[in-house]
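The values are calculated or read from the model by the stated rules, or taken from the named source; none is laboratory data. Since we're looking at a predicted model, the values are computed, not measured. With ideal geometry, Cβ positions are generated from the backbone for all residues, glycine too; neighbour counts draw on all protein chains shown.
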Ligand code: SF4
């Protein structure tokens, strides 16, 4: 579905249009609620679920999408499954699972100004690796995670799969309960009290044992960018492009060289000198209202020097941003303001990065060809994306911050 | 699903870590339907150049591997997106077994749903197999699910572990939905107690 308009007829490829039509017809026939294209609640499933209060602590949530761990931010066990498994769930209400191992990733301390949830999760993945969480469910813990808003936690949990973990979660706390209060599908009245009592029993005990543990110090996390074709290829913006010669073994050396070749980068050159030709702010990682507020604050009064677009995660995020005047700030700064959707996160809906072009993107995957054939992706936070848009190169956003 | 039978076939080495499902099947093809056939799109951008001509150096384009039905890959194979199309592409191409030190979890489960066996072996064993396959292109490996072992060209066998339930399903080519529906009464009972306990849902 394009983010240029909301008209079904605008999808001019018949087999794609029929996918949307089938969805509408089948949900209607089977009595499933659909937030369709004309519904202002429509958007990316991982934005809409929490926003509507559909995702709640203690729930088991599955979805035919690998970023389902996002919903773990409210204390749910949420993971992605394949199409056959979705069919199995719809047919039987059940799913065969073997028990996952537990991993706890603790981040403690205070984040410096200009450092956001996206930088935290990129730093975590850089540390534990793209397969570092394989076979595990990650619990994100520690004072830094506790002090994140639900939006920030959603960003962190969203990228669990990029560390190989199918699920990632944060124990529910008062921030969670406050976030859920009054949301359309959250429990109300006496039900709320009952739910709350049950939710309060969910967090891990202090002496809980984990199969694996990892620790990060928040003070050491800086604005991050990726330089390669795996989300684990992330480094502080102040670093240099790494040298494959320094890799530990021949296989990693080869993989790193292939990544640099694809990305068109020279070892040893500063990451902050990499020129970009596009900027994308959106996706289920970073398209919520807080992301847009933070981005607008940096964009205000500046001007994008490369094509840049902002794609809200849902119709309600879009409406909220417009009520706050964020769309005007972005438009004045030369950013495109689109209808909600996945857009340039994935090269399958018309929003593409051209072959060889380089995009600073707030999405979650910098895989080869992810944003279009031959496209080069640098994953960044929303404020870092704005910094790239207004300078035309990867830039440390801390240099643009105003008191 | 077709039952998994003992396999003796040419194995192709793919010594790249973190081969994601976007590489196995690029997103731009995903609007196609299952019966359309997916084998010709497998590893599309690794396998073909911009004009659609086969890249001669890519392993599956080399004549020695044209009969490959086994893939020996590196760690974290099939990471990334949940797209089952990645498994469809491997399956339709003719691959029946992927051997690797580790897999993307969702990809691993998707394999099981399509009669494709993901075999997890220690990194050292995989490295040894890859080296042997590279030195003598076109070598065959044996895969016996019943016995849970892979036999290498040197006659060495590598035992692997697999969840017993998954093993039975693969060997029988079982229809998982039909099997689970046989447990409908239990599922129903669970649902009722669940709804009583979590009455706000
Ligand atoms: S925004 Fe991107 S990663 Fe998220 S659901 Fe959409 S396509 Fe998938």
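Observations on the model:
- Residue within segment A:53-72 that is under 25 Å from residue A:346 (Cβ atoms), more than 14 Å from chain B (Cβ to nearest Cβ) and not in a loop (DSSP other than H, G, I, E, B) present: yes
- When residues of segment A:90-109 are limited to those that are surrounded by fewer than 16 Cβ atoms within 10 Å (Cβ to Cβ) and in contact (Cβ under 8 Å) with a residue 60 or more places away in the chain, the one nearest to the other protein chains (Cβ to nearest Cβ): A:101
- Residue within segment A:378-391 that is within 16 Å of the ligand (Cβ to nearest atom), on the phi < 0 side of the Ramachandran plot and within 14 Å of chain B (Cβ to nearest Cβ) present: yes
- Among the residues of segment A:19-40, those identified as within 14 Å of another protein chain (Cβ to nearest Cβ), surrounded by 11 or more Cβ atoms within 10 Å (Cβ to Cβ) and modelled with pLDDT of 90 or more are A:20, A:21, A:23.
- With respect to (1) away from the ligand (no atom under 16 Å from the Cβ); (2) touching a helix residue (DSSP H, G or I) at 6+ places or on another chain (Cβ under 8 Å); (3) in contact (Cβ under 8 Å) with a residue 40 or more places away in the chain, the lone exception for residue B:25 is condition (1).
- Some residue of segment A:338-347 being in contact with a strand residue (DSSP E or B) (Cβ under 8 Å, 6 or more places away or on another chain) and surrounded by fewer than 24 Cβ atoms within 10 Å (Cβ to Cβ): yes
- The test for being without any contact (Cβ under 8 Å) to a residue 60 or more places away in the chain, within 15 Å of the ligand (Cβ to nearest atom) and within 14 Å of another protein chain (Cβ to nearest Cβ) holds for residue A:346.
- Segment B:80-93 residues that are at the interface with chain A (Cβ under 8 Å from one of its Cβ atoms) and over 22 Å from residue A:158 (Cα atoms), paired with ones that are modelled with pLDDT of 95 or more and in a helix (DSSP H, G or I) (beta carbon under 6 Å, 6 or more apart): B:87/B:110; B:87/B:111
- Residue check, residue A:48 under 22 Å from residue B:33 (Cβ atoms), part of a helix (DSSP H, G or I), touching a residue at least 12 places away in the same chain (Cβ under 8 Å) and within 16 Å of the ligand (Cβ to nearest atom): no
- Filter result for the condition that a residue is closer than 19 Å to residue A:342 by Cα, at pLDDT 95 or above and within 13 Å of chain B (Cβ to nearest Cβ), over A:43, A:49, A:80: A:80
- Scanning segment A:51-67 for residues that are touching a helix residue (DSSP H, G or I) at 6+ places or on another chain (Cβ under 7 Å) and within 16 Å of the ligand (Cβ to nearest atom) gives A:51, A:55, A:61, A:62, A:63, A:64, A:65, A:66, A:67.
- Within the option set A:106, A:18, being away from the ligand (no atom under 16 Å from the Cβ), farther than 22 Å from residue B:180 by Cα and touching a strand residue (DSSP E or B) at 6+ places or on another chain (Cβ under 8 Å) holds for one residue only, A:106.
- Residue A:286 meets each of the listed conditions (1) in contact with a strand residue (DSSP E or B) (Cβ under 7 Å, 6 or more places away or on another chain); (2) in contact (Cβ under 8 Å) with a residue 60 or more places away in the chain; (3) more than 14 Å from every other protein chain (Cβ to nearest Cβ); (4) within 14 Å of the ligand (Cβ to nearest atom) apart from (1).
- Residue match in segment A:368-376 (condition: touching a residue at least 12 places away in the same chain (Cβ under 8 Å), under 23 Å from residue A:160 (Cβ atoms), within 12 Å of the ligand (Cβ to nearest atom) and touching a helix residue (DSSP H, G or I) at 6+ places or on another chain (Cβ under 7 Å)): yes
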